[in-house]
1. Output the number of residues of the stretch 122-151 satisfying the condition of being within 15 Å of VAL312 (Cβ to Cβ) and out of contact with any helix residue (DSSP H, G or I) (no Cβ under 6 Å at 6 or more places or on another chain).
2. If I filter the stretch 36-60 down to residues being touching a strand residue (DSSP E or B) at 6+ places or on another chain (Cβ under 7 Å) and in a loop (DSSP other than H, G, I, E, B), which single residue comes out as surrounded by the most Cβ atoms within 10 Å (Cβ to Cβ)?
3. So, GLY269, is that one over 18 Å from the mean Cα position of the chain (by Cα) and either farther than 30 Å from VAL66 by Cβ or not aliphatic (A, V, I, L, M) (or both) or not?
4. Against the condition of a type outside the set (Lys, Arg), in contact with a strand residue (DSSP E or B) (Cβ under 8 Å, 6 or more places away or on another chain) and within 14 Å of ligand 1 (Cβ to nearest atom), how does LEU225 come out, does it pass?
5. Looking at the stretch 49-57, is at least one residue over 15 Å from ALA327 (Cβ atoms), touching a Ser or Thr at 6+ places or on another chain (Cβ under 7 Å) and either more than 16 Å from ligand 2 (Cβ to nearest atom) or at pLDDT below 95 (or both)?
6. Quick one: count up the residues across the stretch 202-241 that are under 21 Å from the mean Cα position of the chain (by Cα) and of a type in the set (A, V, I, L, M).
Amino acid sequence: MTSCLGYGAREAYGALAPMHLERRALRADDVAIDIAFCGVCHSDAHQINNDWKNTVYPCVPGHEIVGHVTAVGPEVTRFKVGDRVAVGCLVDSCLQCDSCAADEEQLCVQGPTATYNGRDRQTGTLTFGGYADHIVVREHFVLRVPDTLDPFLAAPLLCAGITVWNPLRKYGVGAGTKMAVVGLGGLGHLAVKLGVALGAEVTVITSSPGKVDDALKLGAHRVLLSSGAQAMQGAANSFDFILDTIPQRHDTNPYLMLLGRDGKLVVVGAIDLLEPVHGGLLIRNNRTLAGSLIGGVRATQALLDFCAEHQVLPECELIEMGDINEAFSRMKKNDVKYRFVIDMATLREPTAR
Ligand code: NAP
Ligand code: ZN
């Protein structure tokens, strides 16, 4: 075991504070990683606040982890001390079921092990995430960060990036696709950049009039205000693919009606109830309403490589570890442009009282 300094919550809505944790001793196929940066996902806030009614406390969030290798177990072949690496939302899975065999470890039939608020497959102990000084992860789940990718900017790709990349690839978004992104936040702004990089014609649908200029600067070709009934009506039947990143219960019908023939609406944001869907809206135009859960290890590596090659980079605000509670309250007020990333060098021992 190694002693680890983390930053987490002891109860729902409790402020995050420094806490001491233990990381397991290295198993044969484990990699130990000193964490340099960790992105702040809206899921971290949901989990801390027990929005999904499954949080086990203490909870140390963080699944957009970038750092370097400090030690490897004897069976590790792909990494050595000093390598720049990353970890996303998964730290283990059965690696035997059909989903794992298809490189979709996030869909592991036995349930993948989440980076935090998960259970270690061997000991049953609670997993703790990347708001910490180091982490120990099974080699299969460790990603390589290309040299040409700024490690600070790589962090949000590990969850926000892969969550939007997977459906873009699965549904063949590319040149000529008329695509819309609902919600310009951490996930949404990366969907815009990746959609543009893949050659799609990208529209942002936002609830925030103040984000129109930003959306265009990020590369979107068009912006629609979701509150603008006339403009929304005018866009009816016009999109091939819509990615919906709204982080809470909402009505998808106004977005379904924007899909043209065989159009797909993929919900990634609302891990929650949705308002009832009108069957007539689905049936007309042969529309599909689908969901998508993060992505597997191979796809995440492909995304890191793609972003390095094409320099598709998130817009990030670097914060200190002690700023995290304010960052969560800003996230709640929709005041993030467009991802917080924690400089883990600012994680310090609690001061004695
Ligand atoms: P975020 O940075 O807070 O962005 C969410 C965006 O949604 C906001 O910027 C805002 O954009 C819009 N929005 C917020 N509240 C809204 C409301 N009440 N009505 C309409 N629009 C609203 O969050 P994120 O980190 O991108 O995460 C988004 C959601 O995805 C979270 O619920 C998170 O848990 C989930 N998630 C899912 C997966 C998965 O595997 N499916 C993976 C990661 C995260 P505008 O101002 O432009 O409207
Ligand atoms: Zn996330």
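1. Qualifying residue count for the region: 1.
2. Per the stated criteria, the residue is VAL60.
3. Judged against the criteria, GLY269 is not a match.
4. When the stated conditions are applied, LEU225 passes them.
5. no
6. Here the count works out to 6.
Here's the yes/no breakdown for (1) surrounded by 21 or more Cβ atoms within 10 Å (Cβ to Cβ); (2) within 16 Å of ligand 2 (Cβ to nearest atom):
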| position | (1), (2) |
| --- | --- |
| THR125 | no, no |
| TYR131 | yes, yes |
| TYR171 | no, no |
| ALA180 | yes, no |
| GLY185 | yes, yes |
| ALA191 | yes, yes |
| LEU198 | no, no |
| ALA215 | yes, no |
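The values are calculated or read from the model by the stated rules, or taken from the named source; none is laboratory data. Computed from a predicted model, the values in this text were never measured in an experiment. Here the Cβ is made from the backbone with ideal geometry for all residues, glycine too, and neighbour counts use every protein chain on show.
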